[in-house]
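The values are calculated or read from the model by the stated rules, or taken from the named source; none is laboratory data. On a predicted model such as this, the values are computed, not experimentally measured, just so you know. Note that we place each Cβ from the backbone using ideal geometry, even for glycine, and neighbour counts take in every protein chain shown. Just so you know, the surface numbers come from the protein's heavy atoms only, side chains and all, with ligands and any DNA or RNA stripped out. Shrake-Rupley method; radii C 1.70, N 1.55, O 1.52, S 1.80 Å.
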Amino acid sequence: MMKVGITGGIGSGKTTICKLFELLGIPVFYADTVGKELMLSDLAVKQAIVNLFGDSAYFPDTSLNRKYIADIVFKDNEKLNALNAIIHPAVKDAFLLWSEKQSAPYVLKEAALLFESKSYLDNDSNILVSSSVELRIKRVMERDQTSREKVLERIEKQLPEEEKQKLADFFILNNEELHIIPQVLKLHHQLVLLAQQK
Ligand code: ATP
């Protein structure tokens, strides 16, 4: 199965683009959603999280204390890296199992930290969704009802756009000047051809 990663900065529109690929029949694995699910359902992941953050990581009803963990990792990069080192390998295994079960010319793996986590190296190719910073800020402020400062804080934690551009093989520009549907259709046809040659 040909595996294609898709990423983009916060608010670039990667989930929106993935929904268009889904309409074309392409299965999409949402890595960040699966990561969150594994924190609740995977016993080895849960134990590693308790070892890292202590018993307060989970509430007595076994649900995850997201705020407690988010507050720690926001300030402590080592803890963030340690958390990622627990989640990313588990997500990688889940993606491989999932992709083996799909029947399509190729599959997409959507991940916010595709390049940062180095998981792009496991894919046959990778797509970068780009938009201007101003548009991304506006979209996320509207979507999440949050402040400009909060969005900027999140943007600053991600790899700079120029670095992502160097690592990507395909690009979609989601800046409201270019239509996204023709770009997705063109890329889909390219990827189907690549999958046939594989
Ligand atoms: P995150 O990294 O936060 O998950 P994302 O890159 O997945 O963000 P989306 O959630 O797809 O981004 O898009 C952010 C917001 O912008 C959403 O509310 C979405 O509906 C809107 N949006 C994205 N692209 C477009 C577009 N081309 N036209 C109009 N609205 C758009």
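Structure above, values below:
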{"quantity": "Selected residue [open to solvent by less than 60 Å² (accessible area, probe 1.4 Å), closer than 29 Å to GLU134 by Cα and of a type in the set (S, T, N, Q)] from ASN84, ASN65", "calculated": "ASN84"}
{"quantity": "Where THR15 falls short, out of the listed (1) within 28 Å of GLU156 (Cβ to Cβ); (2) among the β-branched types (Val, Ile, Thr); (3) buried (at least 19 other Cβ atoms within 10 Å of the Cβ)", "calculated": "(3)"}
{"quantity": "Pick from the stretch 11-28, criterion within 8 Å of the ligand (Cβ to nearest atom) and of a type in the set (Val, Ile, Thr), ranking: farthest from LEU108 (Cα to Cα)", "calculated": "THR16"}
{"quantity": "Unique residue being touching a strand residue (DSSP E or B) at 6+ places or on another chain (Cβ under 7 Å), closer than 16 Å to GLY13 by Cβ and open to solvent by less than 40 Å² (accessible area, probe 1.4 Å) when the list is LEU173, LEU187", "calculated": "LEU187"}
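Conditions (1) within 15 Å of the chain's Cα centre (by Cα); (2) assigned to a helix (DSSP H, G or I); (3) at pLDDT below 95, marked per residue:
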position	(1), (2), (3)
ALA104	no, no, no
VAL107	yes, no, no
LEU113	yes, no, yes
GLU116	yes, no, yes
LEU121	yes, yes, no
VAL129	yes, no, no
LYS138	no, yes, no
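Quick grid of which residues meet (1) within 12 Å of the ligand (Cβ to nearest atom); (2) more than 26 Å from TYR106 (Cα to Cα); (3) in contact (Cβ under 8 Å) with a residue 24 or more places away in the chain:
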position	(1), (2), (3)
LEU135	yes, yes, yes
VAL140	yes, yes, yes
THR146	yes, yes, no
LYS157	yes, yes, no
GLU162	no, yes, no
LEU187	no, no, yes
